[in-house]
Amino acid sequence: MRPNFIKCEDIERWDTNIKSDPNLPEGFADDITRREVCYAALWLYEQLAALKCEEENIFKLQYTAGRLSYYNDPWEVHLQVIATYKEKISINLN
């Protein structure tokens, strides 16, 4: 279930990104579940980028979250990934 903090503007921005992504196979995001995983992955990207996470690590975390989303709620998975990342950052800073 999509979190309440996701706005229509976010979805519109992500839809534009999904439609213009040359790496997504034709019709991949036509499936509502896959599209939701894409939304969650783009949200995760934005969150990690704001935390100054390196691009390579962002892609690895997105991939991992996407894989973990298989038969699971994609938003729950992606929220857990960012929470775990933030927890590890705070541990490393202390």
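Below is a table of values for the structure above.
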{"quantity": "Cross-link reach list, lysines versus residue 88, counting only Cα pairs under 29 Å and skipping chain neighbours closer than eight places", "calculated": "7, 52, 60"}
{"quantity": "Cβ-placed point charges (K, R +1; D, E -1), dipole of the chain about Cα centre in debye, nearest 20", "calculated": "280"}
{"quantity": "Cleavage-rule hits, chymotrypsin sites (Phe, Trp or Tyr not before Pro), the stretch 1-91, DSSP coil, Cβ neighbours within 10 Å at most 10", "calculated": "5, 70, 71"}
{"quantity": "Cα gyration tensor of the stretch 44-94 - equivalent ellipsoid semi-axes, whole Å, descending", "calculated": "19, 12, 8"}
{"quantity": "Between helix 8-20 and the chain: long-axis angle, C-alpha atoms, 0 to 90°, nearest 10", "calculated": "70"}
{"quantity": "Of 51, 42, 79, the one that fluctuates the most in a GNM where the chain has Cα springs shorter than 10 Å", "calculated": "51"}
{"quantity": "Point-to-point label distance, residue 17-residue 60, nm (Cα→Cβ direction, 7 Å offset)", "calculated": "2.0"}
{"quantity": "Rounded, prolate or oblate (a/c below 1.5 giving rounded, otherwise prolate when a/b exceeds b/c) for the stretch 8-47 by Cα gyration tensor", "calculated": "prolate"}
{"quantity": "Most mobile of 32, 18, 58 in a GNM of the chain (Cα contacts under 10 Å)", "calculated": "32"}
{"quantity": "Length-normalised contact order for the chain - Cα pairs under 8 Å, 6+ apart - percent", "calculated": "28"}
{"quantity": "Isotropic mean projected area of the C-alpha convex hull, the chain (nm²)", "calculated": "6.4"}
{"quantity": "Coil-residue GluC sites (Glu not before Pro) of the stretch 8-94, DSSP, other Cβ within 10 Å capped at 12", "calculated": "26, 54"}
{"quantity": "For the chain, with +1 on Lys and Arg beta carbons and -1 on Asp and Glu, the positive-most of 82, 43, 71 along the dipole", "calculated": "82"}
{"quantity": "Sparse-neighbourhood loop sites, trypsin sites (Lys or Arg not before Pro) in the stretch 17-94 - DSSP loop, at most 11 other Cβ within 10 angstrom", "calculated": "52"}
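Values quoted throughout were computed directly from the atomic coordinates according to the rules given, and no laboratory measurement underlies them. Bear in mind the structure is a predicted one, so any value in this text is a computation, not a measurement. Don't worry about glycine lacking a Cβ; one is built from the backbone with ideal geometry, like all the others, and counts go over all protein chains shown.
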